[in-house]
Amino acid sequence: MKRLFPGLAAVLCAAALGAAGPALADPGNTATNSTGAVQVGGVSADPSATVDSQPADAQASAPTSVSGGDNTANDSTGVVQVGGGNTADNSTGAAQVGAVQT
């Protein structure tokens, strides 16, 4: 019985992962015959900080963006793609990021 439980757990996990579809956040992303693919097109952030103190004040800003869309993952497992123009074919555990602009 002790050996049956890990095997049964592995089969159930594989079945659950096999039924999960890809996470596509933007149009233009394609995941064909892929499991656990996460694809996000363009993202941006504009964090800033301000310190008001006498006798001086300070401000900082760091706008950053990743432009994108048109990511492709074919026959892949566990692929994460952010930005655009990324391609992963027959890949496992790939992480890809498009051009970053600051």
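Kindly provide the set of residues from the stretch 46-67 that are touching a Gly at 6+ places or on another chain (Cβ under 9 Å) and part of a loop (DSSP other than H, G, I, E, B), ordered by number.
Within the stretch 46-67, the subset touching a Gly at 6+ places or on another chain (Cβ under 9 Å) is 65-67.
The one that is touching a Gly at 6+ places or on another chain (Cβ under 9 Å) and part of a loop (DSSP other than H, G, I, E, B): 67.
Condition check ((1) within 15 Å of the chain's Cα centre (by Cα); (2) among the small types (Gly, Ala, Ser)) across all residues:
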position	(1), (2)
49	no, yes
59	no, no
74	no, no
79	yes, no
90	no, no
96	yes, no
99	yes, yes
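With respect to residue 25, is the statement that it is at pLDDT 75 or above and surrounded by fewer than 17 Cβ atoms within 10 Å (Cβ to Cβ) true? Step through it out loud before you land on a result.
Values: at pLDDT 75 or above: no; surrounded by fewer than 17 Cβ atoms within 10 Å (Cβ to Cβ): yes.
Criteria not met by residue 25.
The values are calculated or read from the model by the stated rules, or taken from the named source; none is laboratory data. None of these values were measured; they are calculated from a predicted model. Glycine also receives a Cβ, built like all others from the backbone with ideal geometry; neighbour counts cover every protein chain displayed.
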